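Note sheet for the following structure.
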Amino acid sequence: MKKLQVKPSQLQGRIEIPSSKSHTLRAILFAALADGKSCIESFLPSPDAYAMIEACRAFGAEISLAETENRLDITGVSGQPKQPDNILDAGNSGQVLRFVGAILGLIPGYSVMTGDHSVRFNRPAQPLIEGLKQLGAECVAMKGDNHAPLIIRGPLQGNYARIDGQDSQPVSALLIASVFITGETEIIVDQPGELPWIDLTLSWFDRLGLAYQREGYTRFVIPGVQKMTGFNYRVPGDFSSLAYPVAAALVTQSTVTIDNVDLADAQGDKKLLDVLVKMGANFEYDANEKSLQVLAVEKLQGVSFDINEFIDAVTIMAVIACYAEGQTIISGASIARQKESNRLAAITAELQKLGADIKETADGLSIIGGQKLVNQKNLQGYHDHRIVMSMAVAALAATGECEIAGSACVAKSYPSFVEQMQALGVDMRELTCA
């Protein structure tokens, strides 16, 4: 097992954020389902991406990887995936489980999909199961607990499905699968949440010329048996990853420049910047260079906000709130309990170890900033990349040295995290536990 050792640091310099995980996974899946060849450049080389690649290969896509060029060449299955000859493993990715699970519903035969401990026990599959069953497929959770492993048998038939949408991934999954079903599909979504990720999926529909109708986020109609041709695509920077160097600069009152930031992209996590401005952050953006400069500010002010539309930032926003004056109330975060870890409980427990005044609420967090934080050597990462990176940032402006166990998981979204923090002057090392 690996752990991060972090000491208080000041930052300066320039880095380039990694490519978007959300776009990478969608690009691979759409290319695997397309007719003809696609080329994806600057994809994020993460465990989730490799899990998606292997799953798409299993249903018939041909994928070659040019790692030195960070490029994928994919020949798709023209909307007709074949039955895998083995169990598919989503690894640690709930998105791979749900997106590929829906595609397996197109196949007139049995498929089995599983994942790691987090996917099998902390990532509910019930909305996907219900949606697939309503559209004519068989879908069973093997343990009877609405979690993976899933047994799926198609084919799906265009008709009507009504699912809970608090987690956006099952909604996106059914939207994508509906493109290839015979007949028209109507999807009704109750309690829609994480709305920018639905927009992100539909931005891919627009890019590829796929037809759909929508009424806000509660009703979608998808014509069936649509065709899409192969495409070329360069993956933009990841706003979820952007949050960590931005936060590191803010809590240490440092100035840094971050490249590969496209504010015109559809990713919802860019809303984080709007909240930070309300807290007192100061940014300068160069649209031509796609660069964001984070300017040093003396103090931040606590605010209240709903984080549902950029939910992946809940842990790092909690860290920033600890260094802001006054109270910060984060709401709309209940779904964060069903990510790679229970993120609300995890970040509360770990920040409390440092002396933070943070409490978990029914749907979020309440933080009183301005407490003196003291680093500890017994911090846990919960096998969750966002917990590890958030606690590493928290350590930068605390006193003493901290150690965070289970740091290998940061490769899920930010493989170069340690190296980039070091490039900015952070005293951070990854160690192997005895």
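Brief remarks on what is shown
- Flag: Ile320 matches the condition of being aliphatic (A, V, I, L, M), touching a helix residue (DSSP H, G or I) at 6+ places or on another chain (Cβ under 8 Å), outside any strand (DSSP E or B) and within 19 Å of Gln253 (Cβ to Cβ).
- Going through (1) exposed (fewer than 14 other Cβ atoms within 10 Å of the Cβ); (2) of a type in the set (A, V, I, L, M); (3) under 19 Å from Gly370 (Cα atoms) one by one, Ala287 falls short only on (3).
- Residue pairs meeting the criteria (Cβ under 9 Å; at least 6 apart or on separate chains; first in contact (Cβ under 8 Å) with a residue 24 or more places away in the chain and among the charged types (D, E, K, R), in the stretch 255-283; second assigned to a loop (DSSP other than H, G, I, E, B) and crowded, with 21+ Cβ neighbours inside 10 Å): Asp259/Ile17; Asp265/Ser20; Asp269/Asp238; Lys270/Val261; Lys271/Ile307
- Candidates are the residues of the stretch 205-259 that are polar (S, T, N, Q) and under 28 Å from Glu41 (Cα atoms); the one that is surrounded by the fewest Cβ atoms within 10 Å (Cβ to Cβ) is Asn232.
- Within the stretch 73-107, the set of residues being more than 16 Å from Ala34 (Cβ to Cβ) and hydrophobic (A, V, I, L, M, F, W, C) comprises Ile87, Leu88, Ala90, Val96, Leu97, Ala102, Leu104, Ile107.
- Every test in (1) in the same structural domain as Leu195 (by TED's automatic domain parsing); (2) touching a strand residue (DSSP E or B) at 6+ places or on another chain (Cβ under 9 Å) is passed by Glu67 save one, and that test is (2).
- Being part of a strand (DSSP E or B) and over 22 Å from the mean Cα position of the chain (by Cα) is a property that Ser9 lacks.
- Candidates Glu309, Glu298: the one that is out of contact with any strand residue (DSSP E or B) (no Cβ under 8 Å at 6 or more places or on another chain) and within 24 Å of Leu25 (Cβ to Cβ) is Glu309.
- Odd one out for Gln267, checked against (1) modelled with pLDDT of 95 or more; (2) under 24 Å from Ser42 (Cβ atoms): (1)
- Flag for Val277 being farther than 17 Å from Ser178 by Cβ, over 21 Å from the mean Cα position of the chain (by Cα) and surrounded by fewer than 16 Cβ atoms within 10 Å (Cβ to Cβ): yes
- Of all residues in the stretch 183-190, at least one satisfies being surrounded by fewer than 20 Cβ atoms within 10 Å (Cβ to Cβ) and β-branched (Val, Ile, Thr).
- Restricting attention to the stretch 305-362 and to residues that are touching a Leu at 6+ places or on another chain (Cβ under 8 Å) and among the charged types (D, E, K, R), the residue that is surrounded by the most Cβ atoms within 10 Å (Cβ to Cβ) turns out to be Glu350.
- Filtered residues of the stretch 40-70 (kept if charged (D, E, K, R) and in contact with an Asp or Glu (Cβ under 9 Å, 6 or more places away or on another chain)): Glu41, Glu54, Glu62, Glu69
- Scanning the stretch 223-239 for residues that are closer than 23 Å to Asp190 by Cα and either under 19 Å from the mean Cα position of the chain (by Cα) or touching a residue at least 60 places away in the same chain (Cβ under 8 Å) (or both) returns a single hit, Gly224.
- Residue in the stretch 293-307 that is under 24 Å from Ala336 (Cα atoms), charged (D, E, K, R) and assigned to a strand (DSSP E or B) present: yes
- Of the residues making up the stretch 68-96, those that are closer than 23 Å to Thr114 by Cα and of a type in the set (Asp, Glu) number 2.
- Yes/no for Ala148 being of a type outside the set (S, T, N, Q), in the same structural domain as Trp197 (by TED's automatic domain parsing) and under 13 Å from Leu104 (Cβ atoms): yes
- For the stretch 1-48, filtering for residues that are touching a Cys at 6+ places or on another chain (Cβ under 7 Å) and either closer than 30 Å to Ser172 by Cβ or aromatic (Phe, Trp, Tyr) (or both) leaves 3.
The values are calculated or read from the model by the stated rules, or taken from the named source; none is laboratory data. Just so we're clear, the structure is a prediction, and the values are computed from it rather than from any experiment. Cβ: placed from backbone, ideal geometry, glycine included. Neighbour counts: every protein chain shown.
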